[in-house]
Each structure stands twice: as C-alpha cells, then as structure tokens.
Amino acid sequence: MLQHYDFAAAWTAHLRQHNDPRLDPAIDRAFWERYAVEYDRQAGSVTQCLELVRHLLHPDDTLLDIGAGTGRFALPIARLVRAVTALDQSSAMLSILSHRAAQQGITNLRLLEADWPDVIVEPHDVTLAAWSLYRQLDLATALQQMAAVTRRLLIIIDSVASDPPHRSLIEHHCGGWHEARWPHHLLIAGALWQQGLLAEVRIVNEECVISGSSPEAIVRQMVSTDTPASIVTAMARDVTPLLVRHADGWRYAYRQPVGVVIWQTHAQ
C-alpha cells in the first residue's frame, strides 16, 4: 500500500543499482571541471520549463538555483526577479556563468561554489533545482534542507523517464541505455509527501535539438566519449533517417517530457 512505500529509499536503491562512479562527489566534481565548456555548448533547450517557472515568480523574489551550471536557468531568471544565488560545485561551470552574466550585463547574480546540501545558505523566496539531484543518495536530507531555506516556493525539475527516438539505437549499438528510466519526478514528489509536504506535479514537453556537421558528429553527442569509432560510424548510418540536413550541417530534434514538482509553503 502507498503509505508503506518509501519513496526516498526507492530513489537511493535506484541510484545504487547503477554503481555510477560519479556518485562520489570528488569524481563528479572532477568530471564537471573537465566537461564544463562542452556542457555549455551542448546544453539543451529549457524554453517550456522556463515559461512555467516565469509564471510562478514575483519581481521582488530572491531565488536560489541549486546546481546552476553555466546558467541556463539562472541567467534568464535574473532578469525577472530581485536577485539570484547560483550555487554549483564546479568552479569551471561558475566561471562560464560569470562570464556570460558579464556579457549580458546581469548584475543581480551571486555565485556560490558549494555542494548541496553541505552548505549553509540564507533563506530565499524561491528555491530551484533543475536536474541537480542525480547523485543525492540521501534524498530526504537534500529535500529537507531545500524546504528549510525556502520562504515561498520550491521548484524541482527532473526526468519523467527518458525514451527518445534514438534510445533503441543506443541500446542496440552500445549495449544498454544509461539515462533515467524511472519517473524521478514522482519519487521526488513522493519523498516530499513522506515529509508532510504536498507538492503539485506538472509535465512539460521540451524540444531537444542536437546539431552537428555530420551524422557522426551528432552521434558523438549521444554516446560516451570512449565509444569506439566503429560503433559511432554504424550508429550514424542508422540514425541518419531521424536527422534533417541543412546548408550548415545536420539537425536532430525530438520532444522530451519533463517533470516539474512544485511545493508552496504555508507562507503564501
């Protein structure tokens, strides 16, 4: 029965079963230090998520962005609210964010290099965490501390379950699918419910776009960096029917559902 289901424990078991070395904070931090530039180049569209969040914000809000990365939420949101604190564990990611903020003339943005939840931060009106709970083995504690620093609204964006058109090709050529298969958004909402925090769940559909000079260049963005060239070539042949050719290269576009968990405090 539902009252006996432990959502936080299910989340932890799901993470542990993959035995991902990036569950180690030091290994994960080192990964982002190396990958920050490439991540910023490849970061997908969050247009629909941003539109939903925009309607939830007030001009006088302060917002804490946990796992801000290179700013795909923090930068546009900074134009809508009084102030944004962009928290991320990676100095390389924050360096890119800082540079982009300066280019855009954004001055109400504070950077905080730290790892959630191992940080003390003052309360904010709104707390946002977009795809940043991926290695939080203790989900309950991470959520408790998010709620504790939230004065008005907690927004968590995460996977519904990843099943894009190219999934079968990855499984065939690479031997498995390593992206989220579980409805993470429901486990998060359930873990909040276990703490007596009743959240709303919404689904939005983002358009994901991968562009490249060739089908092989697009496949390289889908697979791990150590994938052999022979597999990339074979997969590029099979993925080509999903692509559209343009004068400057190739484009692969598909729709991906995203879960948005919204908890409002009693201070509304």
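The values are calculated or read from the model by the stated rules, or taken from the named source; none is laboratory data. The model shown is predicted, which means the values in this text are computed figures rather than measured ones. As a convention, Cβ positions derive from the backbone with ideal geometry for all residues, glycine included, and neighbour counts pool all protein chains shown.
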Those residues of segment 184-201 which are surrounded by fewer than 18 Cβ atoms within 10 Å (Cβ to Cβ), within 20 Å of Asp138 (Cα to Cα) and not aliphatic (A, V, I, L, M), in sequence order: Trp193, Gln194, Gln195, Gly196
The one condition in (1) over 28 Å from Glu216 (Cβ atoms); (2) not in a strand (DSSP E or B) that Ile155 fails to fulfil: (2)
Of all residues in segment 120-156 being among the hydroxyl-bearing types (Ser, Thr, Tyr) and out of contact with any Gly (no Cβ under 7 Å at 6 or more places or on another chain), the one that is nearest to Ala8 (Cα to Cα): Thr141
Residue selected from segment 117-144 under the condition within 22 Å of Leu52 (Cβ to Cβ) and in a loop (DSSP other than H, G, I, E, B), by the criterion nearest to the chain's Cα centre (by Cα): Trp131
Failed item in (1) out of contact with any strand residue (DSSP E or B) (no Cβ under 8 Å at 6 or more places or on another chain); (2) among the hydrophobic types (A, V, I, L, M, F, W, C); (3) touching a residue at least 24 places away in the same chain (Cβ under 8 Å), with Ala102 passing the rest: (3)
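Going by the structure shown, is Trp177 touching a helix residue (DSSP H, G or I) at 6+ places or on another chain (Cβ under 7 Å), surrounded by fewer than 18 Cβ atoms within 10 Å (Cβ to Cβ), closer than 23 Å to Gln17 by Cβ and in contact (Cβ under 8 Å) with a residue 24 or more places away in the chain?
Here the answer is no, as Trp177 does not meet what is asked.
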First in segment 34-49 and of a type in the set (D, E, K, R), second anywhere and assigned to a helix (DSSP H, G or I), Cβ under 6 Å, 6 or more apart: Asp40/Ile96
Extreme residue, nearest to the chain's Cα centre (by Cα), among residues of segment 58-91 that are over 18 Å from Ala102 (Cα atoms) and either assigned to a loop (DSSP other than H, G, I, E, B) or free of Cβ contacts under 8 Å to residues at least 24 places away in the same chain (or both): Gly67
Some residue of segment 194-203 being under 21 Å from the mean Cα position of the chain (by Cα), basic (Lys, Arg) and farther than 12 Å from Val260 by Cα: no
Which listed residue, of Asp115, Asp138, Asp158, is crowded, with 18+ Cβ neighbours inside 10 Å and not β-branched (Val, Ile, Thr): Asp158
Residue count, segment 221-235 (criterion: under 16 Å from Pro164 (Cβ atoms) and buried (at least 16 other Cβ atoms within 10 Å of the Cβ)): 3
Any pair with Cβ under 7 angstrom, 6 or more apart, that starts in segment 132-143 at a residue that is within 23 Å of Tyr39 (Cα to Cα) and ends at one that is modelled with pLDDT under 95 and basic (Lys, Arg): Arg135/Arg22
Flag for Val37 being surrounded by fewer than 15 Cβ atoms within 10 Å (Cβ to Cβ) and within 18 Å of the chain's Cα centre (by Cα): yes
Any hit, segment 27-43, residues being among the acidic types (Asp, Glu), out of contact with any Gly (no Cβ under 8 Å at 6 or more places or on another chain) and assigned to a strand (DSSP E or B): no
